[in-house]
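The values are calculated or read from the model by the stated rules, or taken from the named source; none is laboratory data. Just so we're clear, the structure is a prediction, and the values are computed from it rather than from any experiment. FYI the Cβ positions are ideal-geometry reconstructions off the backbone, even for glycines, and counts take in every protein chain you see.
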Amino acid sequence: MTDNPSDRLLSQRYRNRMMEELFCLADWEDTLSLLGIDEYLQILFDWVPDYPTFPPNEVITEKEKIALSKTLDLLNEAISDKSARADMDSFIRSGWPQRIASTAQTALFLFESRGRFSEKLEEIEPSGHEYS
């Protein structure tokens, strides 16, 4: 990886990480059992820590931002629902994971329709290639 990546390259990497977290939210059964309720609900906020304010990111489209906002809003609602978060069974019965998964899947589909950006090279549009 580049030692001093440009703002553009960082934005590309952040968008890729958001896609990975959306996948984890959509795959709620495996993710929830691995991370637990609190980590599951916070996973996307690592990349949008000041939501509803988005950090500058020139590679995310307005449509992607709207879809991401819907997922983040739903996560915030679930975080506020303390009774549903009493334990894993209560949380699953509340329907939050399923609703979050549906919204995250919709957002992920939108992100995937453009593809992933390079982790190493600045791109105008996502190349979709995997870079290690």
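Tabulated data
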| item | result |
| --- | --- |
| Long-range neighbours under 7 Å by Cβ, at least six apart or interchain, first residue more than 12 Å from residue 11 (Cα to Cα) and among the aromatic types (Phe, Trp, Tyr) within region 106-128, second buried (at least 17 other Cβ atoms within 10 Å of the Cβ) and at pLDDT 95 or above | 111/19; 111/22; 111/64 |
| Leading residue by the ranking (nearest to residue 18 (Cα to Cα)) among those in region 79-132 that are among the aromatic types (Phe, Trp, Tyr) and part of a loop (DSSP other than H, G, I, E, B) | 117 |
| Search result, residues across region 43-60 that are exposed (fewer than 14 other Cβ atoms within 10 Å of the Cβ) and either in a helix (DSSP H, G or I) or among the hydroxyl-bearing types (Ser, Thr, Tyr) (or both) | 46, 53 |
| Contacts under 9 angstrom Cβ, first residue in region 68-97 being surrounded by 16 or more Cβ atoms within 10 Å (Cβ to Cβ) and among the hydroxyl-bearing types (Ser, Thr, Tyr), partner at pLDDT 95 or above and not in a helix (DSSP H, G or I), 6 or more apart | 94/81 |
| Filter pass, residue 68 being more than 14 Å from residue 15 (Cβ to Cβ) and modelled with pLDDT of 95 or more | no |
| Residues (without any contact (Cβ under 8 Å) to a residue 60 or more places away in the chain, in a helix (DSSP H, G or I) and not hydrophobic (A, V, I, L, M, F, W, C)) located in region 22-42 | 30, 31, 33, 38, 39, 40, 42 |
| Members of region 1-28 that are farther than 17 Å from residue 116 by Cα and within 16 Å of the chain's Cα centre (by Cα) | 25, 26, 27, 28 |
| For residue 32: the one exception among (1) within 13 Å of the chain's Cα centre (by Cα); (2) crowded, with 21+ Cβ neighbours inside 10 Å; (3) more than 30 Å from residue 4 (Cα to Cα) | (1) |
